[in-house]
Amino acid sequence: MTPSPYPKSTRWLVVAPALFLLVFLVIPAATIVQRGASFGAFADTITNDGFRKVAWFTLWQTILSTVLTVACALPVTFVLARFSFIGKRLLLALITAPFLLPTVVVGSALFALLPDRMHYTAFAIISAHIFFNLAVVIRLVMPRWSQIDPELIHAAHTLGASTTYTFRTITFPLIRPALGFASTAVALFCFTSFGAVRILGGPAYSTLETEIYVQSVQLGNLNGAIAIGIIQAIFLIGVLYAMTKLGRHHTSPLTVNIQTPKPATRAQKIAVIGIAITAGFMALLPLLAVALRSSSGWTQVFSSDTMRSLAVSARFAITASIIATTLGTMIALAIAYSSTSSRLIETIASLPLMISAVTVGLGILITFDQRPIEFRSTWWITPVAHSLIAIPLVVRTVLPVAQAIPQDLRDAAATLGSGAKDQWMRIDLPLLRRCLATACALSAAVSLGEFGATSFLTRQTHETLPVSIARLLSRPGETQHAKAFALSTLFFVFSIGAVYLAETVRATRTKIH
């Protein structure tokens with residue numbers, strides 16, 4: 001093991017994260033297992049026809065959603081990875097924005113777009129999953145595809161290879177690790193989808209994620225809900241193991257700084273224009289549908305209820321981002337600085353990836369419902385749940401940067417008489433500052449859009465915007481729906497603007513460097 005640059009302080013970095021994760025994650029998870037791990041509960045759940053129907057629908061819609069998402073994403077990824085054209089950053093922003101939105105907003109967009117006869121159908125759910133996860137495939141595969149040397153493709157064509165044969169023998173083997181990782185990630189998101197299924201599935205279609213909510217909140221069958229949560233967690237552990245195996249290989253670069261040319265031939269121009277316009281139109285269509293159906297709801301957007309929900313969401317986001325960024329950074333630094341107990345804490349911090357947000361919320365709900373730890377009615381328990389979900393993202397954002405800090409800089413500073421504290425303040429912190437800001441923004445975005453755990457923990461006086469949108473859509477009447485669509489439109493515009501600004505800044509910095 002590499003010697004720690006800060007041996008005296010590193011061992012203390014894991015104390016606060018360990019206590020936090022023990023109280024709010026490990027103990028609730030153990031409570032769930034203890035409450036639902038009886039043979040009778042599992043037997044009753046597995047032999048129940050309703051559960052088997054839900055499990056089968058969850059499985060086949062996950063497979064179909066993943067296959068269709070990859071099929072739709074590959075042509076768009078090809079255009080974005082291989083060519084430069086006017087409006088490329090805007091197209092990327094339009095495609096990426098839905099992934100940053102709360103799933104309940106994506107559900108409301110498809111609810112507004114699809115005709116009434118398609119509401120509460122499997123088609124609506126799968127369409128929402130494609131719309132939501134398209135950016136996952138594009139963002140993960142595009143860097144790999146863009147690094148393939150064009151000379152390889154040109155040489156194959158020169159030797160008489162067709163476009164299909166070239167893709168099958170050269171391009172696909174090179175992008176296969178990234179594509180496999182992206183497909184597994186999409187399957188994970190489709191399997192644990194909650195907000196979109198609740199809005200678009202209705203009573204006819206339910207997944208394991210929504211069934212946990214139905215069994216515990218609506219039917220009061222807590223043992224059944226816990227058993228379903230454990231069964232789902234077992235599946236998620238297998239999926240995440242596959243993601244880990246694939247993720248080890250999908251990031252290694254092929255080449256560097258391959259400049260994307262403008263389309264030159266007539267066929268290239270037709271392909272780029274056709275795919276770009278089609279993708280942009282399909283990405284923009286749900287936004288237009290939501291905006292059109294929100295026309296009568298704008299007068300109520302700034303009502304007292306909405307402003308209260310906005311204030312609650314902002315307070316939760318700030319609280320969750322502070323908790324998640326602080327604790328996640330401590331875990332990342334403990335790992336980067338070679339703490340002896342860092343790997344254990346990293347494994348524990350990854351548990352929210354193996355346990356769905358709904359299960360996290362359920363665990364907290366049943367653990368902290370009795371005195372003297374009756375916390376479920378307090379306002380801060382919801383941002384605590386949000387921070388649990390965000391901590392793994394913070395760790396994965398900060399850790400690569402912390403590990404890449406050259407030890408030579410610290411050695412030079414030590415030679416000049418600088419102490420450990422001064423070294424960290426003058427070397428590590430400035431280099432970490434940008435990724436810490438990114439981690440904080442990611443944590444806030446997770447909190448703003450989180451819907452699964454919030455559905456269990458929120459109270460009417462502490463209702464977040466996604467919960468408000470879901471509540472409005474569940475009520476009859478065009479007025480209530482129009483208000484929900486107006487709120488969803490605000491989410492859409494903000495997300496597209498944020499992604500476009502980030503892409504513009506990144507492109508500007510790339511040109512400078």
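A compact table of results
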{"read-out": "Residue satisfying condition, being within 30 Å of I273 (Cα to Cα), of a type outside the set (G, A, S) and modelled with pLDDT under 80, within set V256, V186", "value": "V256"}
{"read-out": "Within region 440-479, considering residues that are small (G, A, S) and under 15 Å from G195 (Cα atoms), the one farthest from the chain's Cα centre (by Cα)", "value": "S474"}
{"read-out": "Count of residues meeting criterion [aliphatic (A, V, I, L, M) and surrounded by fewer than 24 Cβ atoms within 10 Å (Cβ to Cβ)] in region 214-236", "value": "9"}
{"read-out": "Long-range neighbours under 6 Å by Cβ, at least six apart or interchain, first residue of a type in the set (K, R) within region 71-93, second part of a helix (DSSP H, G or I)", "value": "R89/E503"}
{"read-out": "Of all residues in region 53-86 being under 20 Å from the mean Cα position of the chain (by Cα) and β-branched (V, I, T), the one that is farthest from A279 (Cα to Cα)", "value": "T58"}
{"read-out": "Region 376-401, residues that are at pLDDT 85 or above and within 17 Å of L429 (Cβ to Cβ)", "value": "V394, V398"}
{"read-out": "Residue match in region 419-437 (condition: over 21 Å from A196 (Cα atoms), small (G, A, S) and modelled with pLDDT of 80 or more)", "value": "yes"}
{"read-out": "Sole residue being touching a residue at least 40 places away in the same chain (Cβ under 8 Å), more than 21 Å from V15 (Cα to Cα), of a type in the set (V, I, T) and touching a helix residue (DSSP H, G or I) at 6+ places or on another chain (Cβ under 8 Å), chosen from T325, T382, T329, T319", "value": "T382"}
{"read-out": "Residues of region 293-333 that turn out to be at pLDDT below 85 and of a type in the set (A, V, I, L, M, F, W, C), as a count", "value": "5"}
{"read-out": "All helices (runs of 4 or more DSSP H) inside region 290-401 with 3 or more residues being over 30 Å from L487 (Cβ atoms)", "value": "304-336, 342-349"}
{"read-out": "Subset of region 351-374 that is surrounded by fewer than 19 Cβ atoms within 10 Å (Cβ to Cβ) and over 24 Å from the mean Cα position of the chain (by Cα) - its residue that is modelled with the highest pLDDT", "value": "D369"}
{"read-out": "Unique residue being basic (K, R), out of contact with any Phe, Trp or Tyr (no Cβ under 6 Å at 6 or more places or on another chain) and either modelled with pLDDT of 80 or more or crowded, with 17+ Cβ neighbours inside 10 Å (or both) when the list is K269, K245", "value": "K269"}
{"read-out": "Spans of helices (runs of 4 or more DSSP H) in region 26-136 with at least 2 residues over 30 Å from S313 (Cα atoms)", "value": "27-36, 39-46, 49-82"}
{"read-out": "Listing of helices (runs of 4 or more DSSP H) fully contained in region 403-471 that carry 1 or more residues being of a type in the set (V, I, T) and surrounded by fewer than 16 Cβ atoms within 10 Å (Cβ to Cβ)", "value": "407-415"}
{"read-out": "Filter result (buried (at least 23 other Cβ atoms within 10 Å of the Cβ) and of a type in the set (F, W, Y)) within region 123-158", "value": "F131, F132"}
{"read-out": "Selection status of L442, of a type in the set (A, V, I, L, M, F, W, C), closer than 17 Å to I389 by Cβ and assigned by TED's automatic domain parsing to the domain that holds T382", "value": "yes"}
{"read-out": "Within region 435-478, tally of residues that are within 18 Å of M307 (Cβ to Cβ) and of a type in the set (V, I, T)", "value": "5"}
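The values are calculated or read from the model by the stated rules, or taken from the named source; none is laboratory data. Predicted model, so just to flag it, every value in this text is computed and none were measured. Cβ atoms come from the backbone with ideal geometry, glycine included; neighbour counts cover every protein chain shown.
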